[in-house]
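**Student:** Questions regarding the structure given below will be posed in turn.
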Amino acid sequence: MADTGTQTTRQDPLQYVSDQLKELREKGVAPKLRVLEGEQKPICTFDGREVINLASNNYLGLTTHKALRKAALEAVRKYGAGAGAVRTIAGTMKLHMDLEEQIARFKSVEACVVFQSGFTANAGTVSAVLGKDDLIVSDELNHASIIDGCRLSKATIKVFKHKDVKDCERILQETAGWNGRKLLVTDGVFSMDGDIAPLSRLCDLAEKYNCIMMVDDAHASGVLGRGGRGTVDHFGCHGRVDIQVGTLSKAIGAMGGYVCGSRDLIDFLYLRARPFLFSTSHPPATAAACQAAFHLLDSPDGEKLVKKLWANTKFFKRELKRRGFRFEGSETPILPIHVGDAAKAFEFSRKLFEAGVFAPAVGYPIVAEGKARLRAIVSAAHKREQLRHAADILAEVAKPLGIV
């Protein structure tokens with residue numbers, strides 16, 4: 001057949017994406033990514049502007065610690081830049097096994113498996129240990145990675161009101177005759193409100209109703225408990241939590257996540273957790289830096305850093321309260337400043353940045369519609385004068401907007 005030379009104009013199949021993006025921009029809820037120029041420190045440069053950094057999860061200031069730098073550089077020299085394969089084929093290095101054993105000792109459990117991120121640790125674990133005949137009872141404000149893992153498992157999901165132990169027990173009573181397995185899961189520290197789960201009482205329910213007990217300690221790792229051992233240590237719940245998830249990307253100062261539990265649980269996850277099976281393992285530098293971080297936490301210097309973090313947190317909260325700010329439920333270095341309207345929250349964050357403070361706005365879908373906020377995070381590396389100056393700027397910017 002001869003070519004007629006005619007061409008048809010193809011309609012863009014992704015036009016709806018452009019339309020939705022335009023709508024978000026018009027609403028003022030589509031901020032561009034801030035680009036860090038240099039190190040992740042209490043005062044650093046984003047987009048060419050020097051600001052007081054209240055945006056980082058770097059709770060203990062370990063991203064730039066000399067011990068982590070040294071360990072990472074030595075690992076690159078000795079082992080190279082990458083692991084070269086997934087863990088189950090040729091990518092398990094002695095560094096990885098040593099790190100897992102180190103974390104298990106730190107957390108007082110039998111075994112540990114390291115994942116490529118905290119998100120994959122949660123999602124991969126829940127979807128591996130449960131199936132379509134099972135039941136998950138989950139706090140309504142649990143992290144997205146838990147929610148995605150629950151959905152991937154195809155289990156039935158029941159959600160209880162945030163930190164409401166009575167509502168949780170109501171669900172467990174109503175499902176007492178469930179034929180499949182049951183999982184009770186909660187964040188240890190909730191990332192958007194900075195409050196702490198009632199872990200001891202949830203453990204009581206898990207034992208009473210024969211549930212697997214799981215806690216995600218991403219924002220409690222390096223923050224709560226002796227030397228930052230997390231909520232299990234904080235509440236004295238050792239031996240009562242079957243699955244402990246933590247992160248290597250926040251207080252530990254590097255990247256990744258981990259799951260702690262029984263030796264059989266970890267060996268099972270080696271075989272069935274899909275993110276572990278299908279992702280290349282950590283580069284040697286990352287594994288070595290994490291080892292250095294846990295070595296530090298397990299020393300008097302680590303305990304000093306955790307104490308400094310909490311001293312800074314109390315100081316900053318006190319300074320902000322003096323200037324009219326209120327915190328609903330925050331019990332940790334995570335300080336939510338509630339605004340409500342998303343566009344107003346993003347405007348608040350933008351004006352703060354222009355005045356010299358980086359505190360990001362958080363809106364839907366990270367939090368519910370109408371519950372937008374700024375989230376400020378304190379670190380052990382902040383100096384008092386930096387926090388006091390940040391509090392002054394927050395108040396100056398917030399007043400014209402009617403936030404305080």
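The values are calculated or read from the model by the stated rules, or taken from the named source; none is laboratory data. These figures come from a predicted structure and were not determined experimentally. Glycine gets a Cβ as well: all are built from the backbone with ideal geometry, and neighbour counts include every protein chain shown. Only protein heavy atoms, including side chains, enter the accessible area calculation; ligands, DNA and RNA are left aside. Shrake-Rupley method; radii C 1.70, N 1.55, O 1.52, S 1.80 Å.
**Student:** Could you calculate the contour length gain from Thr8 to Arg77, that is, 0.36 nm times the residue separation minus the distance between their Cα atoms, to one decimal place in nm? Working shown, then result.
**Tutor:** Working: separation 69, 0.36 × 69 = 24.84 nm, distance 5.64 nm.
That pair, Thr8 and Arg77, stretches by 19.2 nm at full extension.
**Student:** Show me, bin by bin at 10 Å from 0, the whole-percent P(r) of the range 194-318 based on Cα pairs.
**Tutor:** That works out to 12, 36, 36, 15, 2, in percent per bin.
**Student:** Where the centroid of each part is defined by its Cα atoms, how far is the range 309-329 from the range 113-128 in Å?
**Tutor:** The range 309-329 and the range 113-128 have Cα centres spaced 33 Å from each other.
**Student:** Here's something else I'd like to know. Could you tell me the relative contact order of the chain? Use alpha-carbon pairs under 8 Å, at least six residues apart, and round to a whole percent.
**Tutor:** On the way: 780 pairs, mean separation 87.4, N = 404.
After rounding, I find 22 percent.
**Student:** Go through Phe278, Thr332, Ser349 and say which Cα lies farthest out towards the positive end of the charge dipole of the range 243-352; charges sit on Cβ, +1 for Lys and Arg, -1 for Asp and Glu.
**Tutor:** The one lying farthest along the dipole's positive direction is Ser349.
**Student:** Order the following by accessible area, largest value first: Met255, Met213. Probe radius 1.4 Å; ligands, DNA and RNA are ignored. Present the calculation step by step, with values, prior to reporting the outcome.
**Tutor:** On the way: Met255 110, Met213 0 Å².
If we order Met255, Met213 from most to least accessible, we get Met255, Met213.
**Student:** Keeping all protein chains in place and using 1.4 angstrom, which order do Glu110, Glu207 fall into by accessible surface area, from largest down? Could you put the intermediate results ahead of the total?
**Tutor:** Details: Glu110 130, Glu207 105 Å².
Final ranking, largest accessible area leading: Glu110, Glu207.
**Student:** Turning to a different aspect of this structure: Tell me whether the range 271-404 comes out rounded, prolate or oblate; compute the Cα gyration tensor, take square roots of the eigenvalues as a ≥ b ≥ c, and use a/c under 1.5 as the rounded threshold.
**Tutor:** Oblate, because a/c is 1.5 or more while a/b does not exceed b/c.
**Student:** Lysines within cross-link reach of Lys154: Cα-Cα under 23 Å, excluding same-chain residues under 8 positions apart?
**Tutor:** Reachable lysines: Lys132, Lys182.
**Student:** For the pairs Lys41/Lys304; Lys107/Lys163; Lys308/Lys383; Lys344/Lys371; Lys66/Lys94, flag any whose C-alpha to C-alpha distance is greater than 20 Å. The partial results should precede the final answer.
**Tutor:** On the way: Lys41/Lys304 18 Å; Lys107/Lys163 24 Å; Lys308/Lys383 10 Å; Lys344/Lys371 11 Å; Lys66/Lys94 23 Å.
Lys107/Lys163; Lys66/Lys94, as the Cα separations exceed 20 Å there.
**Student:** Hey, what's the per residue convex hull volume over the C-alpha atoms of the range 9-106, in cubic angstrom?
**Tutor:** Details: hull volume 25.9 nm³, N = 98.
Given the Cα convex hull of the range 9-106, per-residue volume reads 264 Å³.
**Student:** Counting only DSSP beta bridges with both residues in the range 107-259, what percent are antiparallel, rounded to the nearest 5? All intermediate terms of the calculation are to be shown ahead of the outcome.
**Tutor:** Values: 7 of 24 bridges.
Beta bridges within the range 107-259, antiparallel portion: roughly 30 percent.
**Student:** Report in % the part of the accessible area of the range 30-95 that belongs to carbon and sulfur, leaving out ligands and nucleic acids; probe 1.4 Å.
**Tutor:** Values: 2110 of 3910 Å².
Exposed carbon and sulfur together represent 54 percent of the surface.
**Student:** May I ask you to give the solvent-accessible area per residue for the range 144-227, in square angstrom, as obtained with a 1.4 angstrom probe?
**Tutor:** Numbers: 3390 Å² over 84 residues.
Averaged over the residues of the range 144-227, the accessible area is 40 Å².
**Student:** OK, next. With charges only on Cβ, +1 for K and R and -1 for D and E, what is the dipole size of the chain about its Cα centre, in debye, rounded to 20?
**Tutor:** Numbers: 56 positive and 47 negative charges, 201 e Å.
My answer is approximately 960 debye.
**Student:** Could you work out the relative contact order of the range 1-132, using alpha carbon pairs under 8 angstrom and six or more residues apart, expressed as a whole percent?
**Tutor:** Working: 60 pairs, mean separation 10.4, N = 132.
Reported as a whole number, the value is 8 percent.
**Student:** Of all beta bridges DSSP finds with both residues in the chain, what is the antiparallel percent, to the nearest 5?
**Tutor:** Numbers: 25 of 44 bridges.
Within the chain, antiparallel bridges account for around 55 percent of the total.
**Student:** Another one. If the convex hull of the alpha-carbon atoms of the chain is projected onto planes in all directions, what is the mean projected area in square nanometres? Before the final figure, lay out the partial values.
**Tutor:** On the way: hull surface 103.4 nm².
The orientation-averaged projected area of the Cα hull of the chain comes to 25.8 nm².
**Student:** Continuing with this model, one more query. What is the distance in Å between the Cα centres of the range 177-248 and the range 283-301?
**Tutor:** Measuring centre to centre over Cα atoms gives 23 Å.
**Student:** Quick one: order Thr313, Thr63 from most to least accessible surface, probe 1.4 Å. Mind showing how you got there, number by number?
**Tutor:** On the way: Thr313 0, Thr63 55 Å².
Correct descending sequence by accessible area is Thr63, Thr313.
**Student:** Calculate, for the range 261-345, the solvent-accessible area per residue in square angstrom, rolling a 1.4 angstrom probe over the heavy atoms of the protein chains. Write out the running numbers ahead of the final one.
**Tutor:** On the way: 3970 Å² over 85 residues.
Normalised by residue count, the accessible surface of the range 261-345 is 47 Å².
**Student:** Shifting gears a bit: Skip the ligands, DNA and RNA, and give the accessible area per residue of the range 13-66 with a 1.4 Å probe, whole Å². Could the numbers behind the result be given before it?
**Tutor:** Working: 3570 Å² over 54 residues.
Dividing the accessible area of the range 13-66 by its residue count gives 66 Å².
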